[in-house]
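*Asks:* Have a look at the structure that comes next, please.
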Amino acid sequence: MSIEIVRRSCPTCEACCGLRVHVDREKHAIVRIDGDPDDFRSRGYLCPKSQAMKAVYEDPDRIKAPLRKRADGNFEEIGWDEAFAYAAEKLRPIRERYGPQALGVFIGEPTGHNLGALLYTTLFMRALQTPRAFSSATMDQFPKNVTLKLMFGDGWMFVIPDVKRTDLFICMGGNPVVSQGSLMGTPDVPGVLTAIRKRGGRVIVIDPRRTETAELADEHLFIRPGTDAYFLAAMIQVFFAENLVDLGRFAAFTDGVDEVRTLCQDFTPEAVADVTGISAETIRALAREYATTKKAALYGRIGTCTQEFGTLASWLLDVAAILTGHFDEEGCMMFPRPAAGQSEPGEPNPPMAVGDYRTIARGLPTIDGQLPAGAMAEEIEEKSAGDKRMRALLTAAANPVLSAPNGNRLAEALGELDFMVSVDIYLNETTSHADLILPTTVSVEEENFDFTYATTCSHNYARWSPAIFEPAPDAKPHWEVLMRLVEAATGVTLEHLDEAMVGGITASVARPGGRCEGRTPEEIKAAIGDVRGPLRILDLMLRAGPYGDRFEPGKQGLSLKALREVGGLVDLGPLQPRLPEALKTPGRRVALAPEYVTADVPRLRAALADAKRNDRLLLVGRRQVRNMNSWLHNAQVLAKGRDRCTLLVHPDDARRFGLEHGGKARVRSRSGEIVTAVEISDEMMQGVVSLPHGFGHTRPGSRTQVATKLQPGANANQLTDELPLDVPSGTHIANGIPVEVARA
Ligand SMILES: Nc1nc2c(c(=O)[nH]1)N[C@H]1C(S)=C(S)[C@@H](COP(=O)(O)OP(=O)(O)OC[C@H]3O[C@@H](n4cnc5c(=O)[nH]c(N)nc54)[C@H](O)[C@@H]3O)O[C@H]1N2
Ligand SMILES: Nc1nc2c(c(=O)[nH]1)N[C@H]1C(S)=C(S)[C@@H](COP(=O)(O)OP(=O)(O)OC[C@H]3O[C@@H](n4cnc5c(=O)[nH]c(N)nc54)[C@H](O)[C@@H]3O)O[C@H]1N2
Ligand code: SF4
Ligand SMILES: [Mo]
C-alpha cells in the first residue's frame, strides 16, 4: 500500500489550519488526516473538525445527484439537464409574471469557505436582480460590516486583533478557544493566548458565561447580555474624563471626536454599572489599563453583534481603539492585506445604500443589499405579504430553518412557495422543503484558495489547496450550479456571465491609474487563459494584487502558478499599518461618529432608563468544538458522545425555577418553546442561560440519520424572535433573548 500525503488547508472553519491528508490512491480512500507540522501558521495544530472533510465526502447520506420532489412528497434522482430544465420551467414564469423580487435568495455560511461559491455568488445576486437578498450575515457579523463601511468606507475590510504581538487582549462576546477565532482567524488560539500570558501580557474575557477562553484568561468579567455598548461608552467617558485620549497619527485624518465625547458624556461608569453588572471601579480600572498599555487589542464577536445594540457595540469597539491609539498599530487592531487584493487602496466607495427596497410585510429596508434573515417567512406568507409576496426561494449552502429566527414559522411558510430550489449536499430541515435540490462537489474534490479568511487572519498569508480526488463523474461545482440557475431563471448564459466578470475585473485593473496600468486587457486575458471558472479569476486577482507580478514580463510575484509551485502556502508577514491609504471614505478620512450610527444612541439611552429590564432572564448562545453551526452532526466521528444541546443554568436560577441537573427544562420566548436537557453550572452569570444553536434534527423529511439518532437536540432559533432587530443593521438578536424557563 503506498500512501500519498496531500497538504491542504482545512475548509471547515475560519482558522484554515494546515492539514496532511493521507491518501490511498488505489483504494480511492482517505486513510487519515493529521495536522501539518510544516505549516507555519498552524504548526501541526488541529481540532476534531479537521476530520469533517473526510466524513462529509464518505457520508452515505450526502446527495450526489439532483433530487426532484414527486407529488407524493418523496424525492427522486434526476439528471442535470432535466434538473435545469425543471428550474427554468418554474423560475422563468414566476420572474416574468411577478418581477425579479418574487424570487428570494438565502446564502449560507459554507459559501465563505469555497472560492468558486464566493466569487460567483456576487455575480449570481447581480444577475438575478432581486432585492430580496437574505443571508446568514444578519445572524452574524452584519453590524460590523455596517460600522466598517460607515467609518472606513469598506464593510468587508475587517479589523483583526494582532494577537501574536499584543500585550493585552480583551475579548468581548467571542469564545475563540472554541470557535477558533472567526474575525481573528488564527490556528491554535489556546497556544496564542498562553503565549500572551507567558510574555507578561494579560488576557481579559467579558462574557455572560465563563467560557473555555475565560478559563485560559487572567480575568473574566460577567456582563449582562446586550449591554456591551453601555460598557464601552463608559470606558470612552473615562478616556475623556481622565485625559487618556490620544489619537496619535489618526488626529490628522479623523472626524467626529467631539461628537463622541458629547454622546458618551453621561454614560459614566456609575450610570452603567447596574445595567452591565460590572462595577464602576472595575470599568475605570479596565479603561485605564487598556489606555495605558501600548499594545492592546479590544475584540468583539458574535456576542457583540447579534444582540440588541449590535451596531453601537461594534462601532464603540473601534472608537475606543482609535481614541487611545490602539488602531492600525502593531499589537492592536489591524487590517490584513489579502493577496487577492480585496482591500487595496483605490477610489472611495459609494455611500452605504439603505432602503433601496422595503419588505412588504414590515417595510424593513435593505441595508447595503441585505434584508434581515428572519423576515423571510413573512415575505412569503400570503396573509402578510399579499400579492407582492415572495413566490420562489433559492437557498445556497444554507439551513435557515435551524440557523435563522423562528424556524417553525419559516418551515410553514416554505410550504406556501410556488417553487423552491436548494443548492446543497444534504436533505435537511431546510432543503426538505425544496422542490429541487442541486448538489455540489465537496472540498475533497476541489482546488481551493482561502479567499475570505485572508481578510480575517491575524497574520498575512496566501494559501492555495489542491483537490484530493477528481470530482465524481457527474458532480458539478457550486459556482457552476449557481450560474446554470441564473441561466434557468433569466436566460443569461454561464458563458456570458463568466466573460462579464473577467472582462469587468480586467478592465478595472488595466485602466489608467489601475493596478496593471500599461498592460492591455487582451494581454491580461491571454495570460490567465480561457478555462472558465474561479481559478483564472483568482490568478487575475493575485497577479493584480499587492504581491502580484502585475503581468509585467520578467517580474517576480504571486500568481496561481507560483503558489502551486511552492506547495500552496506563502507567508506574507505580520499585519502592517494601512491607514489612511486603504480608507475608502470620501477624502480618505475616518468617520468616528457616523450619523447613521449615532442616530441609534437615543434607543440605547431609553433602554437604560427602563430598570425592569434588569429582572429578565436572558438566553445567549454558545458554540462547541465538535459542531459547525447546523451541518456537521451527521458525521459520526463528531456527533458521538453525550447530548450536547444542553441549557446551562446558574445554580441559583436552577433553584428558582426548580430545575435539576440532567433533568429537562421547557424554555419559552415570544416566538416559541422548546424542551431541552439542563446542566447546572456556575460558569453562567446569574439571570442568564445558554443554549447552543444548530440542533433540532427532529423534523420529518430530513435524511441525516446520524444527526437525528446521535444529536437531535432542540432548535435554539425557535426561541430567536424574528421581530426585534438591532435597528441600524437589521441584525437579529440571538443573544439576550428574554425567556421563561420551567421544569419539563
Ligand atoms: N441562535 C443562533 N443562531 C445562529 C448563530 C448563533 O450564534 N446563534 N450563528 C449564526 C451564524 S454566525 C451563522 S454563520 C449561521 C449559519 O447559517 P447557515 O449557513 O444557514 O447554516 P449552516 O448550519 O452553516 O448550514 C450550512 C448548509 O450548507 C450545506 N453545505 C455544507 N457544505 C456544503 C458544500 O460544500 N456545498 C454546498 N452546496 N452546501 C454545503 C449544509 O448541508 C447546510 O445545509 O447561523 C447563524 N445562526
Ligand atoms: N466549533 C465551532 N467553531 C465555529 C463555529 C461553530 O459552529 N463551531 N461557527 C463559526 C462561525 S459561523 C462563527 S460566526 C464564529 C463565531 O465565533 P465566536 O463569536 O467566537 O463564537 P461563540 O461561541 O458564539 O461566542 C459568542 C460568545 O458571546 C457570548 N455572549 C452572548 N451574549 C453576549 C453579550 O451580550 N455580550 C458579551 N460580551 N458576550 C455575549 C456568549 O456567551 C459566547 O461565549 O465561530 C466559527 N467557528
Ligand atoms: S480549528 Fe478549524 S481549521 Fe483548524 S482543524 Fe479545526 S475546523 Fe479545521
Ligand atoms: Mo458565522
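*Asks:* Look through F40, F124 and report the one residue that is among the hydrophobic types (A, V, I, L, M, F, W, C), under 26 Å from the mean Cα position of the chain (by Cα) and part of a loop (DSSP other than H, G, I, E, B). Give the derivation first.
*Replies:* Working: F124 fails: part of a loop (DSSP other than H, G, I, E, B).
Step by step, each of F40, F124 is checked, and only F40 is among the hydrophobic types (A, V, I, L, M, F, W, C), under 26 Å from the mean Cα position of the chain (by Cα) and part of a loop (DSSP other than H, G, I, E, B).
*Asks:* Which residue is nearest to N460 (Cα to Cα), if the candidates are limited to the range 172-210 and must be β-branched (V, I, T) and either more than 16 Å from ligand 3 (Cβ to nearest atom) or over 21 Å from the mean Cα position of the chain (by Cα) (or both)?
*Replies:* V192
*Asks:* Now for a different question. Out of all the residues in the range 68-77, is one or more assigned to a strand (DSSP E or B), among the acidic types (D, E) and either surrounded by fewer than 21 Cβ atoms within 10 Å (Cβ to Cβ) or free of Cβ contacts under 8 Å to residues at least 40 places away in the same chain (or both)?
*Replies:* yes
*Asks:* Let me spell it out: the conditions are (1) in contact with an Asp or Glu (Cβ under 9 Å, 6 or more places away or on another chain); (2) touching a residue at least 40 places away in the same chain (Cβ under 8 Å); (3) not hydroxyl-bearing (S, T, Y), and G573 meets all of them except one. Which number is the exception?
*Replies:* (1) is the only condition that G573 fails.
*Asks:* With respect to S443, is the statement that it is of a type in the set (G, A, S) and touching a Pro at 6+ places or on another chain (Cβ under 6 Å) true?
*Replies:* In short, yes.
*Asks:* When you scan the range 513-543, how many residues do you find that are open to solvent by 40 Å² or more (accessible area, probe 1.4 Å) and outside any helix (DSSP H, G or I)?
*Replies:* Residues meeting the conditions: 9.
*Asks:* How about the range 664-719: which of its residues are open to solvent by 10 Å² or more (accessible area, probe 1.4 Å), without any contact (Cβ under 8 Å) to a residue 60 or more places away in the chain, hydroxyl-bearing (S, T, Y) and more than 27 Å from G73 (Cβ to Cβ)?
*Replies:* Residue satisfying the conditions is S681 alone.
*Asks:* Would you please name the residue that is nearest to T324 (Cα to Cα), looking only at residues in the range 247-261 that are in contact with a helix residue (DSSP H, G or I) (Cβ under 8 Å, 6 or more places away or on another chain) and in contact (Cβ under 8 Å) with a residue 40 or more places away in the chain?
*Replies:* Looking at residues that are in contact with a helix residue (DSSP H, G or I) (Cβ under 8 Å, 6 or more places away or on another chain) and in contact (Cβ under 8 Å) with a residue 40 or more places away in the chain, I get L247.
*Asks:* Something else about it: What are the residues in the range 115-132 that are over 25 Å from V159 (Cβ atoms), open to solvent by 10 Å² or more (accessible area, probe 1.4 Å) and touching a Ser or Thr at 6+ places or on another chain (Cβ under 9 Å), if any?
*Replies:* A127, Q129, P131
*Asks:* Assuming T166 fulfils every condition listed in (1) within 21 Å of the chain's Cα centre (by Cα); (2) crowded, with 24+ Cβ neighbours inside 10 Å apart from one, which condition is it?
*Replies:* Going through the list (1) within 21 Å of the chain's Cα centre (by Cα); (2) crowded, with 24+ Cβ neighbours inside 10 Å, T166 breaks only (1).
*Asks:* Restricting attention to the range 465-496, and to residues there that are of a type in the set (A, V, I, L, M, F, W, C) and part of a loop (DSSP other than H, G, I, E, B), which single residue is modelled with the lowest pLDDT?
*Replies:* Looking at residues that are of a type in the set (A, V, I, L, M, F, W, C) and part of a loop (DSSP other than H, G, I, E, B), I get A472.
*Asks:* Tally up the residues in the range 36-57 that are in contact with a helix residue (DSSP H, G or I) (Cβ under 9 Å, 6 or more places away or on another chain) and more than 16 Å from ligand 2 (Cβ to nearest atom), please.
*Replies:* 3
*Asks:* Let me ask another. In the range 282-309, what count of residues is obtained for those that are out of contact with any Gly (no Cβ under 9 Å at 6 or more places or on another chain) and either surrounded by fewer than 24 Cβ atoms within 10 Å (Cβ to Cβ) or within 30 Å of N717 (Cα to Cα) (or both)?
*Replies:* Going through the range 282-309 one residue at a time, the tally reaches 9.
*Asks:* Conditions first: (1) crowded, with 21+ Cβ neighbours inside 10 Å; (2) not in a helix (DSSP H, G or I). D318 passes all but one, so which condition is the exception?
*Replies:* Failing condition for D318: (2).
*Asks:* Here's a follow-up. Which condition number in (1) out of contact with any Ser or Thr (no Cβ under 8 Å at 6 or more places or on another chain); (2) part of a helix (DSSP H, G or I) is the one that L298 fails?
*Replies:* Against the list (1) out of contact with any Ser or Thr (no Cβ under 8 Å at 6 or more places or on another chain); (2) part of a helix (DSSP H, G or I), L298 comes up short only on (2).
*Asks:* Is one or more of the residues making up the range 19-34 within 16 Å of ligand 3 (Cβ to nearest atom), outside the structural domain of M628 (by TED's automatic domain parsing), not in a strand (DSSP E or B) and not small (G, A, S)?
*Replies:* No - not one qualifying residue is present in the range 19-34.
*Asks:* Only one of (1) open to solvent by less than 70 Å² (accessible area, probe 1.4 Å); (2) of a type in the set (D, E); (3) part of a loop (DSSP other than H, G, I, E, B) fails for D653. Which number is that?
*Replies:* With respect to (1) open to solvent by less than 70 Å² (accessible area, probe 1.4 Å); (2) of a type in the set (D, E); (3) part of a loop (DSSP other than H, G, I, E, B), D653 is out only on (3).
*Asks:* Would you point out the residue of the range 610-638, among those that are away from ligand 3 (no atom under 16 Å from the Cβ) and in a helix (DSSP H, G or I), that is modelled with the highest pLDDT?
*Replies:* That would be Q636.
*Asks:* Could you pull out the residue among P546, P574, P580 that is at pLDDT 95 or above and either assigned to a helix (DSSP H, G or I) or open to solvent by 50 Å² or more (accessible area, probe 1.4 Å) (or both)?
*Replies:* P574
*Asks:* I'd like the full set of residues that are open to solvent by 20 Å² or more (accessible area, probe 1.4 Å) and either under 15 Å from R165 (Cα atoms) or within 16 Å of ligand 4 (Cβ to nearest atom) (or both), limited to the range 191-216.
*Replies:* G191, T194, A195, R197, K198, R199, G200, R202
*Asks:* Looking for something part of a loop (DSSP other than H, G, I, E, B), out of contact with any Cys (no Cβ under 7 Å at 6 or more places or on another chain), open to solvent by 10 Å² or more (accessible area, probe 1.4 Å) and aliphatic (A, V, I, L, M) - is there at least one such residue anywhere in the range 331-352?
*Replies:* Yes; the residues of the range 331-352 include at least one that is part of a loop (DSSP other than H, G, I, E, B), out of contact with any Cys (no Cβ under 7 Å at 6 or more places or on another chain), open to solvent by 10 Å² or more (accessible area, probe 1.4 Å) and aliphatic (A, V, I, L, M).
*Asks:* Is it the case that the range 504-512 has a residue that's outside any helix (DSSP H, G or I), of a type in the set (A, V, I, L, M) and either within 16 Å of ligand 1 (Cβ to nearest atom) or open to solvent by less than 50 Å² (accessible area, probe 1.4 Å) (or both)?
*Replies:* So the first thing to find is which residues in the range 504-512 are outside any helix (DSSP H, G or I), and the list is 511-512.
With the extra rule that they be of a type in the set (A, V, I, L, M), the set shrinks to none.
The answer is no; no qualifying residue exists.
*Asks:* For A462, state whether it is under 30 Å from F40 (Cβ atoms) and part of a strand (DSSP E or B).
*Replies:* So A462 fits the description; yes.
*Asks:* Here's another thing I want to ask about it. In this structure, does A607 turn out to be open to solvent by less than 50 Å² (accessible area, probe 1.4 Å), part of a helix (DSSP H, G or I) and assigned by TED's automatic domain parsing to the domain that holds A677?
*Replies:* Criteria not met by A607.
*Asks:* Among the residues of the range 272-281, which ones are in a helix (DSSP H, G or I) and open to solvent by 40 Å² or more (accessible area, probe 1.4 Å)? Don't jump to the end; show me each part of the working.
*Replies:* Taking the range 272-281 as the starting set, the residues that turn out to be in a helix (DSSP H, G or I) are 272-276, 280-281.
Of everything in the range 272-281, those that are in a helix (DSSP H, G or I) and open to solvent by 40 Å² or more (accessible area, probe 1.4 Å) turn out to be D274, E281.
*Asks:* Determine which single condition T122 fails, assuming it passes every other condition in (1) closer than 30 Å to A582 by Cβ; (2) within 12 Å of ligand 1 (Cβ to nearest atom).
*Replies:* (2)
*Asks:* Also, I was wondering about something else. Scan (1) open to solvent by 20 Å² or more (accessible area, probe 1.4 Å); (2) closer than 21 Å to E447 by Cβ for the single condition S50 breaks and write down its number.
*Replies:* (1)
*Asks:* Taking A65 and the conditions (1) away from ligand 1 (no atom under 15 Å from the Cβ); (2) assigned to a loop (DSSP other than H, G, I, E, B), which numbered condition does it fall short on, given that it satisfies the others?
*Replies:* Exception for A65: condition (1).
*Asks:* From the list G112, G116, G104, pick out the single residue that is more than 16 Å from ligand 2 (Cβ to nearest atom), of a type outside the set (D, E), under 31 Å from the mean Cα position of the chain (by Cα) and assigned to a helix (DSSP H, G or I).
*Replies:* G116
The values are calculated or read from the model by the stated rules, or taken from the named source; none is laboratory data. In this text, all values refer to a predicted model and were calculated from it rather than measured experimentally. Counting neighbours? That spans all protein chains shown, and the Cβs are built from the backbone with ideal geometry, glycine included. These area figures cover heavy atoms from the full protein model, side chains too; ligands, DNA and RNA do not enter into them. Shrake-Rupley method; radii C 1.70, N 1.55, O 1.52, S 1.80 Å.
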